[in-house]
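Structure first, then comments.
Please treat every number below as a calculation from the coordinates, not as lab data. Since the structure is predicted, the reported quantities are computational estimates derived from the model, not experimental observations. When we count neighbours, we look across all protein chains shown, and the Cβ atoms used for this are built from the backbone with ideal geometry, even at glycine.
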Amino acid sequence: MLLRLTALTKRYPAVTALDGLTLEVPRGLIGLVGANGAGKSTMFRLLLGLTQPTEGHIQVCGVDVAADPIEVRSRLGYMPEHDCLPLDQMAADVVSTFGELSGLPRRAARQRASDILDLVGLDEARFRPIGGFSTGMRQRTKLAQALVGDPELVLLDEPTAGLDPLGREEMLALVARLGTFGISVIMATHLLDDVQQVCDHVVMIDAGRLVVAGETASLLDRTGAVTVDVGRHHDELVAGLARAGVAAAVVNGAVEATVDGDQQLDLVRDVVADLGLPLFRLSTRLTSLDEVFLRSAGGPE
Amino acid sequence: MSAAAESPGARRGAVYDRSYRPYEGPRGRRAAATAALYRASIRRALGLRRSWRQKVAPFVLLAVVSVPAIVNVGIGYITRERRLPIEIITYRDYVGVSSALLLFVALVAPDVMCPDRRQRVLPLMFSRPLVGTDYVVAKVGSITTILFAFSFLPQVVLFVGNMLVSDSALDYFTGHLDVLWHVPASVALLAVYYAVVGCAVASLTDRRIVAGASVIGLFLVTSIASAVIVDNGPDRGPSPGSPGALVNVLRLPLYLRDLVFLGHVDPASPLGGVDRGGMYAVGLYVAVLGLGLGVLWRRYRWVER
């Protein structure tokens with residue numbers, strides 16, 4: 001088990017950041033989802049042993065954080081959300097130094113820094129001062145310093161923050177690759193699309209409380225609806241489906257029809273064919289994580 | 001790693017994906033992390049692996065504090081035939097010259113401490129197997145080491161030079177055996193003191209310029225205040241000293257130097273003739289060190305920033 005939280009509570013004088021969180025998370029790529037102020041960063045600090053829980057226990061990679069925070073930190077990598085790099089130093093030096101701080105011998109740290117910077121796509125820029133890096137390059141450097149110590153688990157706090165669409169895709173691809181290297185990831189974000197794209201497990205928290213947790217695939221249940229894209233002819237299709245006894249409506253420029261079983265699905269296809277409409281897409285509509293979050297957070301606790 | 005399939009007649013070639021290689025070698029914990037931070041801080045303080053501008057100040061200062069030793073040895077060499085016992089500077093006085101390294105402290109302590117806080121590097125450091133005490137040990141230790149080296153090296157030059165230009169190197173060596181522990185001990189007292197005070201002041205702000213000015217200001221203000229108190233105190237007859245001399249935190253380690261070299265406070269110093277002056281100096285030295293370390297411990301006790 002990657003993570004085991006038992007009645008975890010963290011109270012500050014003015015606010016309760018986490019409230020009785022009990023949770024078990026397996027190894028893999030985990031999305032920690034919540035709005036700003038939901039308690040994600042507090043949870044990271046607790047996992048790193050940088051602050052003590054008010055109540056409850058935390059086990060990370062089988063190690064009790066309260067009993068041996070140093071051991072936990074030697075197994076973890078951490079990429080904060082905010083800027084945190086010494087701007088007047090070269091990327092290779094920074095990553096190498098953080099490798100040594102993770103306990104690696106000097107020579108091994110330098111070698112790994114070179115390898116990891118290559119892995120994150122900064123091979124050419126490693127001897128340049130970080131102050132001259134773009135936001136995307138700084139994010140990659142932050143990821144590199146988190147990986148240089150060969151952690152079992154990497155905590156990524158909003159890794160795509162501030163990135164343009166291309167940079168975001170590249171960062172998510174990198175995060176997804178970590179899973180293939182046997183490194184577990186907990187990615188804190190408020191961008192549900194990022195989680196849906198990369199993570200195989202999701203933990204949703206809101207105002208310090210657990211909303212829902214589970215496998216991403218199991219949360220994205222079929223909704224019993226199909227999306228039919230017939231270009232500009234959606235009104236014709238809605239009318240045709242109504243005549244055939246299938247409830248349908250136009251949602252976001254496409255027709256969404258409620259179907260019950262394969263027979264009705266065939267009926268939708270036949271109506272499109274009978275009307276002679278161009279069929280661009282016919283797909284089962286899945287629940288988005290946004291819907292899961294809104295439904296679960298809005299429901300009774 | 002994947003290699004292109006080989007077939008007869010095919011060009012030998014391969015495409016390598018270096019991918020990710022797990023690390024399976026030895027791994028240190030707190031001590032290793034502290035040592036790594038110590039080395040990184042020394043590199044930073046000396047400007048190593050940084051632009052040439054960062055290297056100017058430390059090495060110019062080393063040159064400046066080495067000048068008296070070189071001049072002293074040079075004059076000794078020139079006058080060696082005349083058998084004139086010329087001694088421009090004593091080993092004890094030279095420790096006083098090293099107090100010029102205060103400038104170095106004002107420059108380097110903020111440079112080693114402040115950016116970690118200003119650029120928010122601390123969370124990254126403390127996500128490693130490292131605690132606040134380790135951080136303080138590494139930072140103070142690095143500055144202490146450099147101060148010690150910069151104070152001790154010129155003394156080595158002076159000692160070896162004097163020995164070589166003397167009539168008998170062996171006689172000079174055996175006649176100055178006490179210097180071999182007086183100098184390192186008093187230089188160590190000076191280095192630890194300046195490093196702790198410099199780091200403690202620098203830890204209170206994340207701006208280097210403010211920290212540097214504060215270090216200089218602390219020593220300057222207490223020096224002036226001490227001088228005013230000593231000069232305007234009651235007439236003490238033949239004794240020139242006053243307890244008010246202890247207010248001067250810049251000079252404080254030099255009283256301990258006198259204790260090491262002479263066994264008592266120099267009668268000609270501002271503390272000379274003060275009853276139990278040496279004891280007060282030691283007590284205040286320890287108190288200032290304790291205060292400085294207390295400030296550092298408090299500043300880095302909570303690391304969740």
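With springs connecting C-alpha atoms under 10 Å apart, model chain B as a Gaussian network and identify which of B:Pro110, B:Pro154, B:Pro22 has the largest mean-square fluctuation.
Result for chain B, Cα springs under 10 Å: B:Pro22 fluctuates most.
Scan chain A and hand back the longest stretch that contains none of the chymotrypsin sites (Phe, Trp or Tyr not before Pro) lying in DSSP loops with at most 11 other Cβ atoms within 10 Å. Write down the numbers at each step before the final one.
Values: sites that count: A:Phe127, A:Phe280.
It runs A:128-279.
Can you list the residues, at least 5 places off or on another chain, whose amide H is less than 5 Å from the amide H of A:Asp19, using H built in the peptide plane?
A:Lys10, A:Arg209
Measure nothing fancy, just the Cα-based angle from helix A:289-298's long axis to the longest principal axis of chain A, in degrees from 0 to 90, nearest 10.
So the helix axis and the longest Cα principal axis differ by about 90 degrees.
Looking at chain B, identify the longest residue range that excludes and avoids all chymotrypsin sites (Phe, Trp or Tyr not before Pro) in DSSP loops having at most 13 other Cβ atoms within 10 Å. Please report the intermediate quantities before stating the final value.
Numbers: sites that count: B:Tyr16, B:Trp302.
Formally, the longest exposed-site-free interval is B:17-301.
For a quick check, take a GNM of chain A with Cα springs below 10 Å and name the residue from A:Asp206, A:Asp194, A:Asp68 with the largest mean-square fluctuation.
A:Asp68
In degrees between 0 and 90, to the nearest 10, how far off the longest principal axis of chain A does helix A:165-180 point, with axes built from Cα atoms?
70 degrees
From the phi angles alone, apply the Karplus equation (6.51, -1.76, 1.60; θ = phi - 60°) to segment A:148-153 and give each ³J(HN,Hα) in whole Hz, x where the residue is Gly or Pro.
3J(HN,Hα) across segment A:148-153, in whole Hz: 4, x, 6, x, 7, 9.
Determine ³J(HN,Hα), in whole Hz, for all residues of segment B:185-201 in sequence, where each value follows from phi through the Karplus function 6.51 cos²θ - 1.76 cosθ + 1.60 and θ = phi - 60°; x replaces Gly and Pro.
5, 6, 5, 5, 4, 5, 5, 4, 4, 5, 5, 5, 5, x, 5, 5, 5
Give the order of A:Leu294, A:Leu2 when sorted by the count of other beta carbons within 10 angstrom, beginning with the fewest. Intermediate results must be reported in sequence, preceding the final value.
On the way: A:Leu294 13, A:Leu2 19.
In increasing order of surrounding Cβ atoms, one gets A:Leu294, A:Leu2.
Could you work out which residue, out of A:Cys199, A:Cys84, A:Cys61, moves most in a Gaussian network model of chain A, that is, has the largest mean-square fluctuation with Cα springs under 10 Å?
Result for chain A, Cα springs under 10 Å: A:Cys84 fluctuates most.
What FRET efficiency would be calculated for the residue pair B:Ala268, B:Arg49, taking the C-beta separation as r and a Förster radius of 56 Å, to the nearest 0.05? Don't skip to the end; give the middle numbers.
Working: r = 46 Å, r/R0 = 0.82.
It comes to 0.75.
Which value in deg cm²/dmol, rounded to the nearest 500, describes the helix-derived mean residue ellipticity at 222 nm for chain B, given -39,500 (n - 2.57) per DSSP H run of n ≥ 4 and division by the residue count?
Working: 11 runs with 197 residues, N = 305.
Per the formula, -22000 deg cm²/dmol.
Helix-only estimate, please: 222 nm mean residue ellipticity of chain A, summing -39500 (n - 2.57) across DSSP H runs of length 4 or more and dividing by its residues, to the nearest 500.
Working: 11 runs with 114 residues, N = 301.
Roughly -11500 deg cm²/dmol at 222 nm, from the helical runs in chain A.
Which percent, nearest 5, of DSSP beta bridges in chain A are antiparallel?
Working: 33 of 51 bridges.
So the antiparallel bridges in chain A amount to around 65 percent.
How would you rank B:Ser127, B:Ser19, B:Ser66, going from fewest to most other Cβ atoms within 10 Å of each one's own Cβ?
Values: B:Ser127 31, B:Ser19 13, B:Ser66 17.
Ordered by Cβ neighbours within 10 Å, fewest first: B:Ser19, B:Ser66, B:Ser127.
Listing B:Ser226, B:Ser98 from the residue with the fewest other Cβ atoms within 10 Å to the one with the most, what is the order?
Details: B:Ser226 22, B:Ser98 25.
So the residues, fewest neighbours to most, are B:Ser226, B:Ser98.
Just for the protein assembly as shown, what percent of DSSP beta bridges are antiparallel, to the closest 5? Don't skip to the end; give the middle numbers.
Numbers: 33 of 51 bridges.
Just about 65 percent of them are antiparallel.
Kirkwood-based Rg over Rh for the protein assembly as shown (C-alpha set), two decimals?
Working: Rg = 33.9 Å, Rh = 29.2 Å.
Rg/Rh: 1.16.
Quick one: 3J(HN,Hα) in Hz for segment B:20-28, Karplus 6.51/-1.76/1.60 with θ = phi - 60°, rounded, Gly and Pro as x.
10, 10, x, 9, 10, x, x, 9, x
With a cut-off of 8 Å between alpha carbons and a minimum separation of six or more residues, what is the relative contact order of chain A in percent?
On the way: 578 pairs, mean separation 56.3, N = 301.
Contact order relative to length: 19 percent.
In degrees from 0 to 90, rounded to the nearest 10, what is the angle of the helix B:277-301 Cα long axis to the longest principal axis of chain B?
Roughly 20 degrees, rounded to the nearest 10.
Report, ordered by chain and residue number, the lysines lying within cross-link reach of A:Lys10, taken as a straight Cα distance under 26 Å and ignoring same-chain residues fewer than 8 apart.
A:Lys40
Measure of size requested: the Rg and Dmax of chain B, with Cα atoms as the atom set and Å as the unit; please supply both.
Rg, Dmax (Cα atoms, Å): 25.3, 105.
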